[in-house]
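Student: Below is one structure. I have some questions about it.
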Amino acid sequence: MKRYRVTIVGATELVGQELVKVLYQRRFPLLELRLFASGRATQRKLLVGTREVAVKETRTTSFEDADVVFFTAHHEVSMRFSQYATQSGALVIDASQGYRLPNKKIPIIVPEVNGSTLHRRPKIIACPASVSAILSMVLYPLHQAATLKRVLVSTYQAVSDRGQAAMEELTEQVGRVGKGESAIPHVLPHQIAFNVLPETEVFLDSGYSREEWRVMQETRRLLEMPALPISITTAWVPTYVGHALSVHVQLEEALDRTTVQRLLAVMPGVQVHDDPGVSMYPHPWMSIGTDQVVVGRIREDMALENGLILWIASDNLRKGAALNAVQIAELAVERGWL
């Protein structure tokens, strides 16, 4: 079996660390794994399999002989160094925001949803935002069966999407509030402990946040429905890992609950967990460390013709980011692009 030299830029980030785990858990055919970061993060060592590997500083010469380069650092790092990776002949898989939008020449891929649209090897493949990846996994089989007409989404997002600092802020605030002290926000705009914040990124003139706009655009691209009416409200909730989504869809044709359960159960990467009578439904805690997008609370929308309501939970660091990136690399191996 052919093996590959893999480079991770942003290895000390939450997604970068998860990416290392996923590569080994899925037994990706590694010949060599190189870990890079910037600044003080280069002083760290990460556990890779059974050994510790030093994290080196990212330089323009860091990509020699690399077959695949994953970017999980800040998008400015990706934009700065990706050209050197592609010039070396590596396939770049970007899990930052660098190449998602508005450059439509760069494909945005969730392999189970639109992997078949890649007919030749690109230089760069982008991963969508975690919400877009999770949402598209559920919308895709519904669209294939009955054609989407409208989508409304509310998210309940774990703070790990904002990085380690946001997780530490949540921990610190819970401790302070528990002692009757005031919480002092630094990473997020307001107290997140015991609170919900409908501001996951800066607001645009439209009133939508930049992330909400991005998820709407990415979902349209993933489903190849550029005119899909979709609206979303995103919010931070005081959980560390695992996103939850409340999704209302309207279809061109009616689908009953049993049919929807069957369609979702056979969708690769989706698991149906739906028996509310015994409190069986998805929730973020159960999704941590798992690869599946879990769906439940499936029911017909009583206020909308051909409408459905679904509740979704998934690990934002895995399927929302690291796992999706590795699956893209696996797709490249299958296609003989590496």
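The values are calculated or read from the model by the stated rules, or taken from the named source; none is laboratory data. Fair warning: this is a prediction, and the values are worked out from it, not measured in the lab. All Cβ positions, glycine included, derive from the backbone under ideal geometry; neighbour counts span all protein chains shown. The protein model used for the area step is the full one, side chains on, heavy atoms only, and it has no ligands, DNA or RNA in it. Shrake-Rupley method; radii C 1.70, N 1.55, O 1.52, S 1.80 Å.
Student: Could you please state, rounded to a whole Å, how far the C-alpha centre of the range 269-283 is from the C-alpha centre of the range 1-75?
Tutor: Value for the Cα centre distance between the two parts: 35 Å.
Student: Using θ = phi - 60° and the Karplus curve 6.51 cos²θ - 1.76 cosθ + 1.60, what whole-Hz ³J(HN,Hα) does each residue of the range 242-257 get, with Gly and Pro shown as x?
Tutor: The phi angles translate into x, 8, 10, 9, 9, 10, 10, 10, 10, 10, 6, 10, 6, 10, 7, 4 Hz.
Student: For the range 332-338, in order, what is each residue's ³J(HN,Hα) by Karplus, 6.51 cos²θ - 1.76 cosθ + 1.60 with θ = phi - 60°, in whole Hz (x at glycine and Pro)?
Tutor: 5, 4, 4, 7, x, 8, 10
Student: Using DSSP, restrict attention to beta bridges with both residues in the chain and report what percent are antiparallel, rounded to the nearest 5. Display every interim value, and only then the final one.
Tutor: Values: 28 of 56 bridges.
So the antiparallel bridges amount to about 50 percent of the total.
Student: Relative contact order, percent, of the range 205-324 when contacts are C-alpha pairs under 8 Å separated by at least 6 residues?
Tutor: Taking the mean separation of contacting Cα pairs over the length of the range 205-324, I get 27 percent.
Student: Over all Cα pairs of the chain, how is the pair count split among 10 Å bins, expressed in % and running from 0 up to the last occupied bin?
Tutor: The calculated distribution, bin by bin, is 6, 25, 33, 25, 10, 2.
Student: Okay, next question. Give me the three principal axis extents of the range 1-111 from the C-alpha atoms, as integers in angstrom, largest value leading.
Tutor: 40, 36, 24
Student: If R0 is 35 Å, what FRET efficiency do you get for ALA54 and VAL266 from their C-beta distance, rounded to 0.05? Numbers along the way, then the final one.
Tutor: On the way: r = 44 Å, r/R0 = 1.27.
Result of the calculation: an efficiency of 0.20.
Student: Accessible area of TYR156, 1.4 Å probe, to the nearest 10 Å²?
Tutor: Roughly 90 Å² of TYR156 is accessible to a 1.4 Å probe.
Student: Let me ask something additional. Would you please give the residues with an amide H less than 5 Å from that of VAL48, counting only those at least 5 places away or on a separate chain, with H modeled from the backbone geometry?
Tutor: Result for VAL48 returns VAL53.
Student: Suppose each label sits 7 Å from its Cα in the direction of the beta carbon; what would the LEU30-THR117 distance come out to in nanometres?
Tutor: 3.1
Student: Which GluC sites (Glu not before Pro) does the range 1-60 hold that lie in a coil by DSSP with at most 10 other beta carbons within 10 Å?
Tutor: Working: sites: GLU13, GLU18, GLU32, GLU52, GLU57; in loops: GLU13.
Hits after loop and neighbour filter: nothing returned.
Student: Applying the Karplus parametrisation 6.51 cos²θ - 1.76 cosθ + 1.60 with θ = phi - 60° to the phi angles of the range 82-95, what ³J(HN,Hα) value in whole Hz is obtained for each residue in order, glycine and proline being reported as x?
Tutor: 4, 4, 6, 5, 5, 5, 7, x, 7, 7, 9, 10, 9, 9
Student: Most mobile of GLU199, GLU112, GLU181 per a Gaussian network model of the chain (Cα springs, under 10 Å)?
Tutor: The residue that fluctuates most here is GLU181.
Student: How much area per residue is accessible in the chain when the probe is 1.4 Å and only protein heavy atoms are counted (Å²)?
Tutor: 46
Student: Please give, to one decimal in nm, the separation of the simple spin-label points placed at GLN43 and SER154, each 7 Å out from Cα toward the Cβ.
Tutor: Going from the GLN43 label point to the SER154 one covers 4.5 nm.
Student: Here's a follow-up. Report the label-to-label distance for ALA254 and TRP337 in nanometres (one decimal), using points 7 Å from each Cα along the Cα→Cβ vector.
Tutor: Result for the modelled spin labels: 4.3 nm.
Student: Hey, another quick one. Check which residues have an amide H placed less than 5 Å from ILE232's amide H, if you skip close sequence neighbours.
Tutor: Here the answer is VAL153, since their amide H atoms fall under 5 Å of that of ILE232.
Student: Calculate what fraction, in whole %, of the accessible area of the chain sits on carbon and sulfur atoms when a 1.4 Å probe is rolled over the protein chains.
Tutor: 49
Student: While we're looking at this one, here's another question. For the chain, what is the relative contact order in percent, using Cα pairs closer than 8 Å and at least 6 residues apart in sequence?
Tutor: 18
Student: Also: Pick from GLY16, GLY175, GLY307 the residue whose mean-square fluctuation is largest in a GNM of the chain, springs joining Cα atoms under 10 Å.
Tutor: GLY175
Student: Pick out which of PRO238, PRO107, PRO226 has the largest mean-square fluctuation in a Gaussian network model of the chain, springs linking Cα atoms closer than 10 Å.
Tutor: Among PRO238, PRO107, PRO226, the largest GNM mean-square fluctuation belongs to PRO226.
Student: How much length is gained on full extension from HIS186 to GLU330, taking 0.36 nm per residue of separation minus their Cα-Cα distance? Kindly include the intermediate steps, with their values, before the conclusion.
Tutor: Working: separation 144, 0.36 × 144 = 51.84 nm, distance 3.87 nm.
In short, 48.0 nm is gained.
Student: Which entries in the list LYS21/LYS123; LYS21/LYS149; LYS45/LYS319 go over 32 Å, if you measure between the two C-alpha atoms of each?
Tutor: Those over the limit are LYS21/LYS149.
Student: Let me ask another. Counting only residues 5 or more places away or on other chains, whose amide H sits under 5 Å from the amide H of VAL270 once H atoms are built in the peptide plane?
Tutor: VAL293
Student: Rg to Rh for the range 263-336: what is it, with Cα atoms only and Rh by Kirkwood?
Tutor: Radius of gyration relative to Kirkwood radius: 1.09.
Student: Among the aspartates and glutamates, which have Cα under 17 Å from the Cα of LYS105 when same-chain residues fewer than 8 positions away are ignored?
Tutor: Within the straight-line limit of under 17 Å, LYS105 reaches these aspartates and glutamates: ASP94, GLU218, GLU224.
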